[in-house]
């Protein structure tokens, strides 16, 4: 599922995430920068090999909560008064092999 408003794009899906989709959405010539985070599945944890992880979520609730986060991060900073103009966030569900992208912000 995808939720999109004028200022936020949120996606919870079992399909691969594509960074270019989010970069295109949040691109704003007046902003001067795009900040991003890409989460990938680790290949080790606690000294043990990780082959894959499985991510589960109730998509409608997850999208609602991600949309709340996008709203929060777009609030003006108390110290500088600046804020983000746009926000995009995605979460991939299902089995993720080590090294694969599972979260995109």
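Step by step: first the residues of segment 40-63, then only those that are within 15 Å of the chain's Cα centre (by Cα) and in a strand (DSSP E or B), then the one that is nearest to residue 14 (Cα to Cα). Which residue is that?
55
Given the criterion assigned to a loop (DSSP other than H, G, I, E, B) and within 21 Å of residue 96 (Cβ to Cβ), identify the matching residue among 17, 78, 66.
17
Scan segment 60-105 residue by residue and report those that are modelled with pLDDT under 85 and out of contact with any strand residue (DSSP E or B) (no Cβ under 9 Å at 6 or more places or on another chain).
75, 76, 77, 78, 79, 80, 81, 82, 83, 84, 85
Of (1) farther than 24 Å from residue 15 by Cα; (2) part of a loop (DSSP other than H, G, I, E, B), residue 35 satisfies all except one. Which?
(1)
The values are calculated or read from the model by the stated rules, or taken from the named source; none is laboratory data. Computed from a predicted model, the values in this text were never measured in an experiment. Please note: Cβ atoms are built from the backbone with ideal geometry, for glycine as well, and neighbour counts cover all protein chains shown.
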